[in-house]
Amino acid sequence: MGCPVQNETVWIWCFGLLCSLELCAAQISYAVSEEVDKGKFVGNIVKDLNINAQELESRGLQIVSGHSKKYFDVNLKTGVLFVNERIDREELCSNAPKCSVNIEAILNNPMHLHRIEVNILDINDNAPFFHERSYSLNISELAYTGERFPLPVANDVDSGSNSVKSYKLSQNEHFSLDVQSGGEHSVSAELVLHKPLDREKQPVIHLTLTAVDGGKPPRSGTMEIVITVVDVNDNTPIFSKQLYKVRVSENSPVGTALIKLTATDLDEGVNGEIVYSLIERGSSTPSGLFTINQDSGEITVLGNLDYEENSAFEIRAQAKDRGHSPRSTHCKVLVEVIDVNDNTPVISVTSMMRTVKEDAALGTVVALVTLTDKDSGKNGASKVDLLGSEHFMLKSSYKNYYSLVVNGPLDRESRSQYNATIKAVDEGTPSLSSTCVITVHVSDVNDNAPRFPDSIINVYVNENSQIGGVIYTVSAFDPDTGDNSRITYSLPESTTSPPVTSIVNINSDNGDIHSLQSFDYEKMKTFRFTIQATDSGVPPLNSNVTVNVFILDENDNSPAILAPYSEHGSVNTENLPYSAEAGYFVAKIRAVDADSGYNALLSYHISEPKGNNLFRIGTSSGEIRTKRRMSDNDLKTHPLVIMVSDNGEPSLSPSLSATVSIDVAVAESGSDIETKLRHVPLKEESFSDLNLYLLIAIVSVSVIFLLSLISLIAVKCYRTDGSFSRYSAPVITTHPDGSWSYSKSTQQYDVCFSSDTLKSDVVVFPAPFPPADAELISINGGDTFNRTQTLPNKEKVRNIFWFTARRLIWHFKSILCIILSPCSSFVFRLLLGPQQIYFVIYVLTILKQNTSSSTCMDCKCAYHTPSSLSF
C-alpha cells in the first residue's frame, strides 16, 4: 500500500521540476461520467494540444497520474485519450461537490509536459439508505391530533440532484408525513398524528418510510417504522393562560421574580405531578437571562437586562407531568423591559477639519457633531451646548446633527489651538450628561510682517576695519510659522551716491552685514542705509529698518607741520639777541592732525641735542622760549630739533622728514638781527575753475559784508543812548608800533603793523570764540601788551561807532589792496579736517620801504593761540 503513495510523490516532484524549468505547457480540461466502460473516448490530445500524431511514438508519450490506478491512457497512433479503469466518483471524491482527476502528458526529446484535468461527472448509481432497518416509536394512545414525531434522515452518497429529495409514507389511517426541506442537502420528515390512537383496537402500527433521490431514473431506499401505542396518562397538563405578559425594569438585579406560571393536570399520582421548564427555540429565546423553578413555576432574572440591547423577550415555558408516558404543554411569556435612564448622551465627531486657517470667515464649518442616546423617550432626549468658547458656535443641522462653525476672529499668533467643550444633558430623572472636547488647530496665514526690535539701529565701526568683515548682524522676528516666518534680508535700491551696495552687503539668510571697503574716518564719518526684511509667505510681507553707521576714529594720521616750518628737510634759522631775558619768545611751531579727539591732541618736545638747558618749548602751545639769560659759555648757534606727537593709542609722530629743525643764532646787538625772507615752496598749479570760483566768492562775500556793516552802523547811530545798553562795549587794544585790535563777544580781529620789516604774513583762523589767553606778539620780539583800554559807553558812543566804521573800512581796503595788487603773490590753501575747516590765506609780498607812496603797505598779522590748532 506504500508504493502508490511513493509513486505519486515522485511524479508530483517531477511535475514541479518540469514546471520550474518552464517545460510545462498550458492545461486542457475534459469531462467524463463515472462508471463508463473501459475504452470510452475522453478527448483527442493531438488535436487539442496541437501535437503532430507521428511524433507520439518517437517522443515516447506517457500519461502519468498521481493515483494508484491508471484511470486514463492514450492511443499513441491516434492521440485519443480513453478510459482505462472503472471510475467511481464516490470512491474518488466522496461527497465533494466537484471531482476531477489530474493527469500529465509527457513528451521526450525535447521534454514537454501538458497538464490535463478530467472532471468526473456524477451519475445516479447509488440509492438512498437508512442507517437503521427498523425504527421503533412509542406513542400514547391519548396523543392529541396534530402532534409531531421526528423521523430518521436517509443518506445518499450521490451528490447534487442525485441525492435524497423526498420521503413517502405507506398508506395508513392515523398518520401523515410532513416533508421539510432545509436546503439543497437537508431534507427531513416528521410523522404527524391526524387521528387519535386506540390501543384496544390496534396496539401496534407498522409503517414503511421510503426515501427517493432526484436522479433519472430515481432510486429509493426504505425503512420500517414500528409504532407502539402506550395506554398511560391520558390527561395533559394545562396552563392557566396560553400567553403571559410581564414588565420588568432594565438593570434589575439577579433573582428578581418576574411571574409565577400555573399549570394543572387532571391525572393523579405521578401522572399529575408537573415539572416546569424553559424551552430554547433558536435565537428568539433568551439564553442565560431567565430561569424557572421546576416545582413552583416561578420565573426569575438570571442575567443582565439591557433595554438598549433588547426591549422585549419571548419565553417558551413547558409543563410536563411525571407519568410513564409524560405529557407536556407549552405557553408563551412576553417580558417587556422598561427603560431607565442608565445611558449618558454620546457626542460623536463624525467629520473634522485637520486645521482651520486663522483668517477663516464666520460660519466656516470646523466639525460635524452627532448626538446619540440609547435610552428612549425623555431619557433619550438631550440638549447640547457649547461651553466657554466665544470663537465657535454649534449650529443645528437636522435633529441630533450639529455643525461646529467659526463664530469669531482667530489669531494663530495668540493661540495656535482652541478647545471647544461640548456638553450634552438628557431629560431623564435623574439627568445624565457628558462632555466632549474638540481641539481645533489653527493654521497660519501670512498676516504678520517681519518686525525689527528697533526702528533705527546705530552701528559703530572702527575705521580701517577689514574688508568683508561682519560689522553688525540684524535680526527680525516674524510671529508667523513655516515659510511665512522664513525671513530674507536685502538692501533696497537707493539713490544715494555712492550706492550703499558698493559700501556694504548683507547675507540674505542670517542678516550679517559685511563691509565691502575699508572705512576712513577722515573721508566719511557716517552713512545711512535701509535694510528690508521680507518673509516667504504668499503674498510676501516686508518691513524696513534704518541703519546708521558711525565710523570711529583711529590714530592713523601723523601730525603735519604748518608753515613757515613745513618745508621738508630744510633747516630754519631764527635770531636771538644776546641780551634776551629768560622767557624770551624765539619761535612758534604750528602743527595739525587730521584725526579727532585725543588722536589729534598734539604735544611738542625738543628731541635733540640732549642736555640742552637754554631753551624750552610749550608742550601744548609749541612756543620756543629761553629758560635763562645768555652766558659767555653758550654757543653762538644752537640747533634745535622739535618733535610733534599726538596723544592717540598708539601715539604717532611725524617721520624724520616732518620734524622741525631750527638753528637759533645769537646776535651781539639788535642791529645785527636781520629778518630773512623765508620762502615757502609752492606747488605749481594752473589757475583752475575752482580758484576762479573761490576768488569770486571771496569778493562777493566781502562786498556783502561791507554793505551790511555800513547799514548796521547807520541804524545804530540814529538810536537813542538807552538802546546801547543792550550791547556790550567794544574793546580797543593799542600797540606802541601802531597795532590795533577790535574785540567783541563773537568776533575778534588782531592786526599788527610794523614799518621796519620786509615781510608781511596774514593768517586767519576762524574760531567761534577767541581764546582767553590770546596774545599779541610783536615781530621784533618786543613785550606783549594787555588789552585794557575801554571807550566810554554813553556820551562818546556815536564817535566810537564812526571811528570803528572808518577803521574797518580802511582795514578792508588794505586787505583788498593786498589781494588785488599786481605786485603781490598769493596762495589759497583749503584744508579739511575731521572736526574743523581751516581756511588759510598766506600772502607773501615784497614792497619797497616807502609807506607814503605805496598803495599796499607792509604788513604782518599773526593770530597766536597756545593750542595746537586742533579742536
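All of the numbers you see were taken from the coordinates with simple rules; none came from a lab. Computed from a predicted structure; not experimentally measured. Positions of Cβ are generated from backbone atoms using ideal geometry, with glycine treated the same way; all protein chains shown enter the neighbour counts.
Some notes on this structure:
- Anisotropy class of the stretch 238-338 from Cα gyration tensor, a/c 1.5 cut: prolate
- Each of Ile123 and Ser351 was given a label point 7 Å from its Cα along the Cα-to-Cβ line. The distance between the two points is 6.5 nm.
- Full extension of the segment from Asn464 to Ile28, taken as 0.36 nm per residue of separation minus the current Cα-Cα distance, would add 147.3 nm.
- Global form of the stretch 197-241, assessed from the alpha-carbon gyration tensor, a/c cut-off 1.5: oblate
- Dipole axis of the stretch 238-338 (+1 Lys, Arg; -1 Asp, Glu on Cβ), positive-most option in Phe290, Ala319, Val248: Ala319
- A dipole drawn for the stretch 548-631 from +1 and -1 charges on Cβ atoms has a positive end, and of Tyr578, His605, Ser558 the residue lying farthest that way is Tyr578.
- Residue-span extension gain [Val715 to Thr145] - 0.36 nm each, minus C-alpha spacing: 189.6 nm
- The Ser518 and Glu574 beta-carbon pair, evaluated with R₀ = 30 Å, returns a calculated FRET efficiency of approximately 0.10.
- For the stretch 456-552, a crude dipole built from +1 on the beta carbon of Lys and Arg and -1 on the beta carbon of Asp and Glu, taken about the Cα centre, is about 280 debye to the nearest 20.
- Applying a threshold of 26 Å to the alpha-carbon distances of Lys588/Lys636; Lys245/Lys320; Lys357/Lys399 flags Lys357/Lys399 as lying beyond it.
- Residues Thr355, Thr145, ranked from the fewest to the most other C-beta atoms within 10 Å, line up as Thr145, Thr355.
- Global geometry of the stretch 346-443, whether rounded, prolate or oblate, following the gyration tensor of its Cα atoms and the 1.5 cut on a/c: prolate
- Restricting the stretch 352-395 to trypsin sites (Lys or Arg not before Pro) that sit in a DSSP loop and have at most 10 other Cβ atoms within 10 Å of their own Cβ leaves Arg354.
- The peptide list 445-451, 506-512, 397-403, put in order of mean Cβ contacts within 10 Å with the highest first, becomes 445-451, 506-512, 397-403.
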